[in-house]
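Asks: Below is a structure I'd like to ask you about.
The values are calculated or read from the model by the stated rules, or taken from the named source; none is laboratory data. These figures come from a predicted structure and were not determined experimentally. Don't worry about glycine lacking a Cβ; one is built from the backbone with ideal geometry, like all the others, and counts go over all protein chains shown.
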Amino acid sequence: MEKLSVKNLTKIFDGSIVAVDDFNLSVKEGEFVVLLGPSGCGKSTILRIIAGLERPDSGEIILEGKRINDLSPKDRDVAMVFQEYALYPHMTVFDNLSFPLKMRKLPKAEIQKQVHGAAEILGLKDLLPRKPRSLSGGQRQRVALGRAVVRDPKLFLFDEPLSNLDAKLRQQMRAEISKLHRRLRATTLYVTHDQQEAMTLGDKVAILKEGRLRQMGTPLELYRHPAEAFVGEFIGNPGMNFLTARVEGSGELRVASSQFSPPGNISRVFRNYTDRELLLGIRPEDILLSGSAAEAISLEGEIDLVEELGNETVVRVNCGEHQLTARGKDYGELTIAQKVIFSFPWSKIHLFEKESGKALTGPLS
Ligand SMILES: Nc1ncnc2c1ncn2[C@@H]1O[C@H](COP(=O)(O)OP(=O)(O)OP(=O)(O)O)[C@@H](O)[C@H]1O
Ligand SMILES: [Mg+2]
């Protein structure tokens, strides 16, 4: 069942700053959807509009089949967790958790039950008598989560709730949020600009750029079939590489001043794009540095940077106007300024139109 639907949402600040541009989104009951995009692309504005903290210029917010545009924030039954924990400093953890229930005038016994229930789920039982200032960042964020959980809202909205935490704690909290979601199955819209967080948490990920939805899909769909170059670049660690290319009248593919003859079935695909400016998208993990492999595009480059991660190596290679990043395990000894032949199989190429960045086909295999 569709739980939340956002239709043709537009928000313009100060008459000219287009923060959200004809944005559409649909979230099913129990689904965890992540909004992912670079800083300033409109993520927080969308959440704030759904929560009722901001008015849209146009568009509709439908929650459980009902238009909620004109409802005040407190009547929408959505809970929002922010980057700043916004706990009441003078209240204990117990009082912080029970506050939203007191506001709703629930009986004392019921409040006790719900707060203890949430504290149990989030591992906060021992912290209930403490004040926020005596808690660590992770514990405070857990209290903020708990305050959303006790409300049992129709919808959870999270705005980068983990970005104040250090890397290790962030990973730990990510796992906890994931477990919490599996347990509660609460419909959730979660904002982040961290692609790894998005990929590991989201049932679906919606990619935004400049206020517009670019693509929505499961993490693997986005990784395997980016609908535009921007999505390919944003998803993956590091993101996709791009090489400009052109299909000559002869059917040869020109890449960085070299010519290649595509094999039969792939050459038929390329022929559709003769004389057009193309972008070849290639994932770092699909680049080989072991000399030219059969049935592959291979080019000469010069090593610009080597990052040894222990279990694998990230290598940046300059090749004429292009700079590519490769990632792999078996690259052997590499030094800066070393000349290398790098290659990638035809089957791993994603094809985009250069001008628009739109995908023309998936991987060619
Ligand atoms: N109250 C405001 N007045 C004017 N412009 C605003 C206001 N709020 C946001 N904006 C602008 O709208 C755009 C979207 O902002 P928003 O905060 O939604 O981005 P974001 O995706 O959440 O970014 P970040 O990842 O940095 O939090 C930005 O260009 C921002 O400067
Ligand atoms: Mg934001």
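Asks: Quickly run through region 14-37 and pick out the residues that are near ligand 1 (Cβ under 10 Å from one of its atoms) and either among the basic types (Lys, Arg) or touching a strand residue (DSSP E or B) at 6+ places or on another chain (Cβ under 7 Å) (or both).
Replies: The answer is Val18, Ala19, Val20, Leu35, Leu36, Gly37.
Asks: Working carefully through the options Ala118, Ala109, Ala167, Ala148, find the one that is touching a strand residue (DSSP E or B) at 6+ places or on another chain (Cβ under 8 Å) and of a type in the set (A, V, I, L, M).
Replies: Every option except Ala148 fails the conditions.
Asks: Still on this model: Determine whether Glu31 is surrounded by fewer than 22 Cβ atoms within 10 Å (Cβ to Cβ), under 30 Å from Leu220 (Cβ atoms), among the charged types (D, E, K, R) and in contact (Cβ under 8 Å) with a residue 40 or more places away in the chain.
Replies: Spelling it out, Glu31 is indeed surrounded by fewer than 22 Cβ atoms within 10 Å (Cβ to Cβ), under 30 Å from Leu220 (Cβ atoms), among the charged types (D, E, K, R) and in contact (Cβ under 8 Å) with a residue 40 or more places away in the chain.
Asks: For the structure I just gave you, tell me whether Gly59 is without any contact (Cβ under 8 Å) to a residue 24 or more places away in the chain, within 26 Å of Val231 (Cα to Cα) and either part of a strand (DSSP E or B) or within 13 Å of ligand 2 (Cβ to nearest atom) (or both).
Replies: no
Asks: Here's something else I'd like to know. Here is a check on your reading of the model: is Glu333 outside the structural domain of Pro226 (by TED's automatic domain parsing) and more than 27 Å from the chain's Cα centre (by Cα)?
Replies: yes
Asks: Still on this structure, I have one more. Out of Leu305, Leu309, report the one residue that is loosely packed, with under 15 Cβ neighbours inside 10 Å and modelled with pLDDT of 95 or more.
Replies: Exactly one of Leu305, Leu309 is loosely packed, with under 15 Cβ neighbours inside 10 Å and modelled with pLDDT of 95 or more, namely Leu305.
Asks: What about Ile17, is it assigned by TED's automatic domain parsing to the domain that holds Met103, modelled with pLDDT of 95 or more, farther than 26 Å from Gly232 by Cα and within 16 Å of ligand 2 (Cβ to nearest atom)?
Replies: Yes, satisfied.
Every residue, every condition in (1) β-branched (Val, Ile, Thr); (2) in contact with a Pro (Cβ under 7 Å, 6 or more places away or on another chain); (3) away from ligand 2 (no atom under 16 Å from the Cβ); (4) not assigned by TED's automatic domain parsing to the domain that holds Leu180, yes or no:
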| residue | (1), (2), (3), (4) |
| --- | --- |
| Val6 | yes, no, yes, no |
| Glu31 | no, no, yes, no |
| Leu35 | no, no, no, no |
| Leu47 | no, no, no, no |
| Met103 | no, no, yes, no |
| Pro107 | no, no, yes, no |
| Lys113 | no, no, yes, no |
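Asks: Return yes when Glu160 is acidic (Asp, Glu), within 30 Å of Ile68 (Cα to Cα), in contact with a Phe, Trp or Tyr (Cβ under 9 Å, 6 or more places away or on another chain) and in the same structural domain as Val33 (by TED's automatic domain parsing) and no when it is not.
Replies: So Glu160 passes the test.
Asks: Moving to a separate point now. Please enumerate the residues belonging to region 38-61 that are over 20 Å from Thr188 (Cβ atoms), near ligand 1 (Cβ under 8 Å from one of its atoms) and of a type outside the set (Gly, Ala, Ser).
Replies: Answer for region 38-61, where residues must be over 20 Å from Thr188 (Cβ atoms), near ligand 1 (Cβ under 8 Å from one of its atoms) and of a type outside the set (Gly, Ala, Ser): just Pro38.
Asks: May I ask you to verify whether Leu253 is in contact (Cβ under 8 Å) with a residue 40 or more places away in the chain, away from ligand 2 (no atom under 16 Å from the Cβ), crowded, with 21+ Cβ neighbours inside 10 Å and outside the structural domain of Arg76 (by TED's automatic domain parsing)?
Replies: Considered against the rule, which asks whether it is in contact (Cβ under 8 Å) with a residue 40 or more places away in the chain, away from ligand 2 (no atom under 16 Å from the Cβ), crowded, with 21+ Cβ neighbours inside 10 Å and outside the structural domain of Arg76 (by TED's automatic domain parsing), Leu253 comes out as yes.
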